1. Taking region A:82-112 as the region of interest, how many residues are more than 14 Å from every other protein chain (Cβ to nearest Cβ), surrounded by fewer than 21 Cβ atoms within 10 Å (Cβ to Cβ) and not acidic (Asp, Glu)?
2. Among the residues of region B:50-60, write down those that are more than 11 Å from chain A (Cβ to nearest Cβ) and touching a strand residue (DSSP E or B) at 6+ places or on another chain (Cβ under 9 Å).
3. Would you call B:Val60 aliphatic (A, V, I, L, M), closer than 26 Å to A:Phe33 by Cα and assigned to a loop (DSSP other than H, G, I, E, B)?
4. Which ones in region A:1-13 are surrounded by 13 or more Cβ atoms within 10 Å (Cβ to Cβ), within 16 Å of A:Ser85 (Cα to Cα) and not β-branched (Val, Ile, Thr)?
5. Conditions: (1) away from every other protein chain (no Cβ under 14 Å); (2) more than 24 Å from A:Gln3 (Cβ to Cβ); (3) out of contact with any Lys or Arg (no Cβ under 8 Å at 6 or more places or on another chain). B:Gln25 meets all but one. Number of the miss?
6. Among the residues of region A:14-55, count how many are under 23 Å from A:Pro82 (Cβ atoms) and free of Cβ contacts under 8 Å to residues at least 40 places away in the same chain.
7. Do we have A:Ile48 as under 22 Å from A:Val13 (Cβ atoms), within 14 Å of another protein chain (Cβ to nearest Cβ) and among the β-branched types (Val, Ile, Thr) here?
8. Only residues that are part of a strand (DSSP E or B), more than 8 Å from chain A (Cβ to nearest Cβ) and surrounded by 14 or more Cβ atoms within 10 Å (Cβ to Cβ): list them for region B:67-90, please.
Amino acid sequence: DQQVKQNSPSLSVQEGRISILNCDYTNSMFDYFLWYKKYPAEGPTFLISISSIKDKNEDGRFTVFLNKSAKHLSLHIVPSQPGDSAVYFCAATGTSGSRLTFGEGTQLTVNP
Amino acid sequence: DTAVSQTPKYLVTQMGNDKSIKCEQNLGHDTMYWYKQDSKKFLKIMFSYNNKELIINETVPNRFSPKSPDKAHLNLHINSLELGDSAVYFCASKDRGLEQYFGPGTRLTVT
């Protein structure tokens, strides 16, 4: 039972354009959502998060949008840079934050 | 001064062997985790310890045994290795916040 899904295994965009990565979840008990970025041969690194009481959180070039009624969130990267090329994981957790449930990841490639 | 470190980074071994992976964090975090990333790239939680106490134990074969000698260390011992154990294993830690900090991973290959 996959509670967090990232339906696009890959995404390719041009440098300077917007990258939009999507994530859907099924568990209504999730209260917080996080995005992680992963380069090859490295561990995931935390990028940005959002609480279920908000619908938007912004940090520099990265913005996460949450549509709680649709159980959908998205990560926008603008402008995209070649260094953003990585696998992006969506993750969700309940109020305690003790356990993260991850999606399967989306490989983003930003072409110069 | 790596925050979360794992050793070894690569481990190749034969079926039936017993092996250990070590994890150390210097962030002063109370909670540590082991995750498995399989061939389908899913990151799945295996175990979690808080202040040396086991708090999460997912449905993992009992050939896998975590050990936390102190809150900065969480080791993973695997007995009687099987082909299906081949994966990348990640250690992570966190404090009271939500973000978990991951180690670089250990790629285990069982032949």
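1. 6
2. Within region B:50-60, the subset more than 11 Å from chain A (Cβ to nearest Cβ) is B:51-54, B:57, B:59-60.
Matches in region B:50-60: B:Asn51, B:Lys52, B:Glu53, B:Leu54, B:Asn57, B:Val60.
3. Working: aliphatic (A, V, I, L, M): yes; closer than 26 Å to A:Phe33 by Cα: yes; assigned to a loop (DSSP other than H, G, I, E, B): yes.
Answer is yes for this residue.
4. Listed by number, the residues that qualify are A:Ser8, A:Leu11.
5. Among (1) away from every other protein chain (no Cβ under 14 Å); (2) more than 24 Å from A:Gln3 (Cβ to Cβ); (3) out of contact with any Lys or Arg (no Cβ under 8 Å at 6 or more places or on another chain), the lone unmet condition for B:Gln25 is (1).
6. 7
7. On the way: under 22 Å from A:Val13 (Cβ atoms): yes; within 14 Å of another protein chain (Cβ to nearest Cβ): yes; among the β-branched types (Val, Ile, Thr): yes.
Yes: the conditions hold for A:Ile48.
8. Correct list: B:Lys67, B:Ser68, B:His73, B:Leu74, B:Asn75, B:Leu76, B:His77, B:Ile78, B:Ala87, B:Val88, B:Tyr89.
The values are calculated or read from the model by the stated rules, or taken from the named source; none is laboratory data. None of these values were measured; they are calculated from a predicted model. Glycine gets a Cβ as well: all are built from the backbone with ideal geometry, and neighbour counts include every protein chain shown.
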